[in-house]
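The values are calculated or read from the model by the stated rules, or taken from the named source; none is laboratory data. Because the structure is a prediction, the values reported are computed rather than measured. We place every Cβ from the backbone using ideal geometry, glycine too, and count neighbours over all the protein chains shown. Ligands, DNA and RNA are stripped out before the accessible areas are found, and what is left, the full protein with its side chains, is counted by its heavy atoms. Shrake-Rupley method; radii C 1.70, N 1.55, O 1.52, S 1.80 Å.
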Amino acid sequence: MFLQVLGCCRSGISIGNRALKESPRRLKLGTAALQQRHASTSEAPLKQTVLFDFHRDQGGKMVGFAGWSMPVQYRDSHIVSHMHTREHCSLFDVSHMLQTKVHGKDRIKFMESLIVADVAELKDNQGSLSLFTNEMGGIMDDLIVTKTDQGYLYVVSNAGCADKDSAHMKARLQEFKAAGHDVDLEFLEESLIALQGPSMARVLQPGVTDDLSKLTFMTSVLTPVFGIQGCRVTRCGYTGEDGVEISVPSGSIVALAEKLLTNAEVKLAGLGARDSLRLEAGLCLYGNDIDENTTPVEASLVWTIGKRRRQQRGFPGADIVVPQIKAKTQRKRVGLISTGPPVRQHTPILAPDGRVIGEITSGCPSPCLKKNVAMGYVEAGFSKVGTAVQVEVRKKAVPAVVSKMPFVPSKYYTGQ
């Protein structure tokens, strides 16, 4: 949650081009992230968001993801949904993500004992992408933490890590309480939707009293939305476009979705478009591009670590991560562009002489660029933008070039 230059590293779904053209059954079987990281329906029943029936009524093709039944696309093709988001506005259900409030006078100290962000320096109602790290400096999950003016921190983290994240926070909570600190956790049952695209503000402004021109990227406000009380609107997203995420009382989420869809600018979009949009925006997918064996430095996410946090080293794994900032690492996450056959997760990255120097972690054909975009890890000596490399596709070496991310320019609203 990446985040969002935050540009989030939020948990999405990784889908190959071929799978996107095939049936829902093949979509389910062809989903790389699903195959690798998530339980099958034979292991546990899939959970459903409050919008499950709504999705099916709207023609949503449902797949299992992170233990949830979620729409991968609707009646429109994946490409149509992708381009509609870039040109207009799309509505995504992200209610499977974990929403948490952290209460108590020691809430900032508590969160800073778990994550790399400088929460203390945030202004009221300002948020930041951050990372849960382990004692080895590995990334346990990415998240957005917002310092609200209501006396609590608002945290959104990934669905695929929800059980791990909640257990991790609960364990630290026990330690803090045992030490006499004042802190408590509240795991929310609210639904969460994302409205993403250049026309978002025109669509949403008639439904809120706050002036959206004053709500800049990574800021948040409590406000009624089209008459629905108790909503939190945060200007962020996982597409690279201007957008918001709206936390909504679950009893009102269907009504809000239906209201938003009465505007011709708005169409529903699923996990397929969400994945290709985030990849064009250069945003990480947890479990593919970052994991517990990857440090923030290796992942090119050093910017998430606040200056004070680097100096004081009060986060898990700091004694490993901070020295890496100056000493560098053996591998780095990079962006790649190629033509020809698309590259997928686990595709080997080769030096010009054919030696394996890394591996693709995410890849897809870019609907906007009409080229293949990917990210992966390479030996540090090959990480400079413009470096010519190769990717091995179907046992053939295909030329590629290390490229700056985002691949498609981000359009986060900064008030200018």
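Quick notes on this one:
- Verdict on ASP142 being outside any helix (DSSP H, G or I) and not polar (S, T, N, Q): yes
- With a requirement of 1 or more residues that are touching an Asp or Glu at 6+ places or on another chain (Cβ under 6 Å), the strands (runs of 3 or more DSSP E) lying completely within region 357-414 that satisfy it span 372-379.
- Candidates LEU222, LEU260, LEU256: the one that is closer than 28 Å to GLN150 by Cα, open to solvent by 20 Å² or more (accessible area, probe 1.4 Å) and either in contact (Cβ under 8 Å) with a residue 60 or more places away in the chain or in a loop (DSSP other than H, G, I, E, B) (or both) is LEU222.
- Where ILE79 falls short, out of the listed (1) of a type in the set (A, V, I, L, M); (2) at pLDDT 95 or above; (3) in contact with a Lys or Arg (Cβ under 8 Å, 6 or more places away or on another chain): (3)
- Selection of region 313-348 for residues being charged (D, E, K, R), within 24 Å of the chain's Cα centre (by Cα) and open to solvent by 30 Å² or more (accessible area, probe 1.4 Å) yields ARG331, LYS332, ARG344.
Per-residue answers, yes or no, for (1) hydrophobic (A, V, I, L, M, F, W, C); (2) more than 24 Å from the chain's Cα centre (by Cα):
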| position | (1), (2) |
| --- | --- |
| GLY127 | no, no |
| SER130 | no, no |
| ASP149 | no, yes |
| GLY160 | no, no |
| VAL183 | yes, yes |
| VAL203 | yes, no |
| PHE217 | yes, no |
| SER220 | no, no |
| GLN229 | no, yes |
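- Condition check for LEU91: modelled with pLDDT of 95 or more and either open to solvent by less than 20 Å² (accessible area, probe 1.4 Å) or part of a loop (DSSP other than H, G, I, E, B) (or both): yes
- Scope region 154-205; condition within 30 Å of ASN263 (Cα to Cα) and among the polar types (S, T, N, Q); matching residues: SER157, ASN158, SER191, GLN196, SER199, GLN205
- Residue check for SER213: surrounded by fewer than 15 Cβ atoms within 10 Å (Cβ to Cβ), of a type in the set (Ser, Thr, Tyr) and in a helix (DSSP H, G or I): yes
- Cβ-Cβ distances below 8 Å connect the following pairs, each with a first residue in region 98-113 that is over 23 Å from GLY160 (Cβ atoms) and open to solvent by 20 Å² or more (accessible area, probe 1.4 Å), a second residue that is assigned to a strand (DSSP E or B) and of a type in the set (Lys, Arg), and a separation of six or more residues or different chains: ILE108/LYS147.
- Where LYS326 falls short, out of the listed (1) part of a helix (DSSP H, G or I); (2) among the charged types (D, E, K, R); (3) touching a residue at least 24 places away in the same chain (Cβ under 8 Å); (4) farther than 17 Å from ILE139 by Cβ: (3)
- Subset of region 363-395 [among the basic types (Lys, Arg) and either crowded, with 17+ Cβ neighbours inside 10 Å or more than 26 Å from the chain's Cα centre (by Cα) (or both)]: ARG394, LYS395
- Flag for ASN125 being in contact (Cβ under 8 Å) with a residue 12 or more places away in the chain, touching an Asp or Glu at 6+ places or on another chain (Cβ under 7 Å) and over 23 Å from CYS231 (Cα atoms): no
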